Ligand SMILES: [Zn+2]
């Protein structure tokens, strides 16, 4: 990837072993800017930085045992819903014709 300053980026990773949380990010070799962080709890993706909002980094820095649990629960149930949504459905429209 390329930083907005034009420098090349390296992948970086920090780990909170106690909460089993990982933050993966890109760090610029030239200016040190960190971007595109993604937060994983117990190996499961829970959050990514948004443009103008370093939400994954904020979650990682503020993470407690309780909020890590909550995040994981919420994300797990959301992902389960999305997975169900992806399953092929019978085309209901076809029955009208
Ligand atoms: Zn840079």
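No value in this document is a laboratory result; all are computed from the given coordinates. Bear in mind the structure is a predicted one, so any value in this text is a computation, not a measurement. All Cβ positions, glycine included, derive from the backbone under ideal geometry; neighbour counts span all protein chains shown.
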Practice task
Among 58, 18, 33, determine the one that fluctuates most according to a GNM of the chain built with springs between C-alpha atoms less than 10 Å apart.
Solution key: 18
Fill in the blank from the handout: Expressed as a whole-number percentage, the relative contact order of the chain with C-alpha contacts under 8 angstrom and at least six residues apart is 17
Problem - Residue exposure sequence - 76, 9, 64 - by fewest surrounding Cβ within 10 Å - result: 64, 76, 9
Fill in the blank from the handout: Projected onto their principal axes, the Cα atoms of the range 9-86 stretch, largest extent first, over whole-Å spans of 43, 31, 20
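With runs of 4+ DSSP H residues as the only contributors, calculate the mean residue ellipticity of the chain at 222 nm using -39,500 (n - 2.57) per run, divided by the residue total and rounded to the nearest 500.
Value at 222 nm, helices only: -9500 deg cm²/dmol.
Averaging over every viewing direction, what projected area does the convex hull of the Cα atoms of the range 32-73 cover, in nm²? Working shown, then result.
Values: hull surface 12.7 nm².
Mean projected area of the Cα convex hull: 3.2 nm².
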Practice task
Rank 47, 77, 35 by mean-square fluctuation in a GNM of the chain with C-alpha springs under 10 angstrom and give only the top-ranked residue.
Solution key: 77
Exercise for the section: Taking 7 Å along the Cα-to-C-beta vector as the label spot, tell me the residue 64-residue 76 distance in nanometres, rounded to one decimal. Expected result: 2.1
